[in-house]
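Coordinate-derived values only; no laboratory data. In this text, all values refer to a predicted model and were calculated from it rather than measured experimentally. All Cβ positions, even for glycine, are placed from backbone atoms using ideal geometry, and neighbour counts span all protein chains on display.
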């Protein structure tokens with residue numbers, strides 16, 4: 001039995017699209033050129049009827065327009081060249097999706113403009129990088145990522161009073177090696193809405209600590225972190241993806257789960273890579289829950305996210321992380337960790353072994 | 001009150017990832033190189049520890065690795081060069097998302113690997129293209145898009161017994177100008193699960209007919225069509241996106257809505273473009289519902305989809321379609337349309353005016 005349409009369609013979209021009626025009217029006017037300032041990109045204008053449009057903003061992703069496709073002529077009614085040019089729409093701009101690749105000193109990420117969360121955020125930690133403690137999170141501030149167009153960006157106000165933490169995907173504690181490195185983890189393009197107590201401030205934090213402790217066994221560790229929106233079987237037997245959307249208007253998705261794909265490298269040229277993939281629900285998780293309960297094949301994360309993580313890594317070089325080391329979290333209470341974290345950084349040369357590895 | 005985790009996390013993901021336990025075990029083994037054939041792309045192997053990795057598969061999208069970022073040195077504890085290389089993970093492959101751009105003679109599209117639907121499908125129709133009737137849909141067959149990797153592709157079996165139609169985004173009836181053109185609309189990368197009776201076979205079909213009828217007023221019409229996944233305010237006051245996922249395992253999303261962005265061109269170089277954007281729920285819609293109830297600003301579709309449609313079109317060239325022509329559907333019963341559609345194509349030279357414009 002298909003659902004029946006009601007009158008909410010337009011209303012829902014209006015909520016996604018804009019805020020007050022006044023803003024909406026102004027937006028509409030701007031779109032149709034009824035009033036308002038001209039756009040700055042008018043110099044990009046090219047011909048309106050085109051078969052070989054040159055599209056400045058889309059050259060990296062757009063293929064050449066299919067100007068005169070040869071068509072089979074065994075039917076005399078078939079034209080010798082295609083009468084249409086579907087790619088000609090690129091003259092008005094390449095629709096995307098654009099993933100807003102960001103390369104900062106502490107992370108590399110790709111952004112999901114529809115859900116206003118990252119697709120993935122990649123980081124790299126080593127025993128040496130974690131020992132340097134020149135960045136202090138008291139000097140870092142959450143900030144919108146102004147490299148993402150305003151209409152697709154997550155905003156500070158979207159998170160306000162949402163009930164969710166601004167959850168770092170690359171943890172601030174992994175980027176203590178400079179203030180700039182730490183600051184760059186505070187961009188909202190490195191955040192997703194996360195359940196705070198019982199998850200972001202607890203089990204997820206212990207899991208992040210687990211990743212740091214891997215540097216006691218491996219000289220180089222890469223971690224890719226991101227959100228998932230997984231289906232659940234409901235009472236009617238159907239599978240549904242269902243997630244909250246926060247913000248004003250509601251536009252930032254609250255992921256149902258988070259993944260980490262871990263690459264623990266042996267440090268040799270063409271050496272082995274120990275792989276671990278984990279998927280945790282964005283929910284309260286009891287501290288005594290074994291980490292290995294959340295281990296999944298890398299391919300499971302790939303199928304669920306639409307991403308690929310190990311396409312160029314030959315199977316002969318792959319090891320399974322949790323067969324080599326014991327995959328488990330060490331529980332440390334949040335208040336203790338906060339105290340440790342807020343303590344002054346140790347003087348140069350006074351760093352104790354493993355200090356960075358056991359603190360968040 | 002945050003949700004509490006239960007044990008379904010891993011189970012849910014397993015459903016997304018694979019099928020039977022046997023398949024799952026084989027998958028895991030292949031991923032960790034425990035057994036099974038070697039991958040063909042082993043020749044792509046490059047160094048494992050890298051600061052300037054060359055990544056054959058990722059060169060189009062990957063930025064150069066930040067090998068030696070200069071860091072401010074006002075703090076003596078801060079290293080002169082970055083101790084980490086976050087983009088080095090690209091040596092294992094660029095995570096994506098890859099949007100599988102497809103350029104066929106009848107359409108151009110981008111694919112969403114996570115939801116296994118297109119992001120958008122663009123087409124171009126003209127009075128001339130609709131008059132040519134060399135393609136016959138009785139000779140076209142629904143087919144999987146083998147250009148998309150198997151694990152991200154929608155499959156014929158995913159739709160089987162789902163209760164949803166394989167809904168064309170670019171309609172077959174817009175590509176009658178050659179059999180090849182029509183065939184290319186039958187790839188599953190041009191489909192989304194659509195409610196059949198009352199939507200795909202009725203109101204949505206009338207809407208597609210409306211687009212074709214625009215060619216009686218405009219010499220060139222471009223239409224971009226695609227799915228949306230819109231939030232709805234629920235009883236608890238929160239906004240949630242909720243959509244069914246069909247297939248085996250469940251992996252093809254059922255959109256909550258569909259959009260069309262219409263560009264009706266006046267045919268002059270640098271001329272005017274009449275824009276119309278519509279968002280319809282994927283649900284039964286009464287035939288007497290006015291089409292204009294579904295009109296929205298283009299920007300509303302952009303914010304909801306994360307895409308951009310008119311970035312390079314100056315406001316001075318934009319007109320509002322529904323201010324220029326009467327935006328309404330003409331209801332024609334499904335059975336009548338089917339009969340017309342299945343009738344033999346007219347002989348060359350015997351094409352009646354407007355024939356193609358009133359038939360589906």
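Using the Cβ-Cβ distance between residue B:101 and residue A:146 with R0 = 25 Å, the FRET efficiency computed as 1/(1 + (r/R0)^6) comes to roughly 0.35.
For the rotational copy pair B/A, the chain B residue whose Cβ lies nearest the symmetry axis, together with its distance in Å, is B:242, 2. Per residue of peptide B:247-253, the mean number of Cβ atoms on other chains within 10 Å of the residue Cβ is 3. Label-point distances for residue A:128 to the equivalent site in the other copies, using a point 7 angstrom along Cα→C-beta, read 6.6 nm when ranked shortest first. Put a dot 7 Å past the Cα of residue A:238, heading toward its Cβ, do the same for residue A:197, and the two dots end up 3.6 nm apart. Sorted ascending by nearby beta carbons within 10 Å, beginning with the fewest, A:265, A:150 become A:150, A:265.
Modelled label positions at residue B:217 and residue A:325, each set 7 Å beyond Cα in the direction of Cβ, lie 6.6 nm from each other.
Taking other C-beta atoms within 10 angstrom as a stand-in for reagent exposure, B:120, A:177, B:239 fall in the order B:239, B:120, A:177, fewest first. Exposure proxy ranking for B:234, A:299, based on other Cβ atoms within 10 angstrom of each Cβ and starting from the fewest, stands as B:234, A:299. Let me know the shape class of segment B:273-320, please: from the alpha-carbon gyration tensor, a ≥ b ≥ c as square roots of the eigenvalues, rounded when a/c is under 1.5, otherwise prolate if a/b is greater than b/c, or oblate. Because a/c hits 1.5 or more and a/b fails to exceed b/c, segment B:273-320 counts as oblate.
Take residue A:234, push a point 7 Å out from Cα through the beta-carbon direction, and compare it with the same point in every other copy: 0.9 nm, smallest first. For residue A:143, inter-copy separations between label points set 7 Å beyond Cα along the Cβ vector come to 5.2 nm, shortest first.
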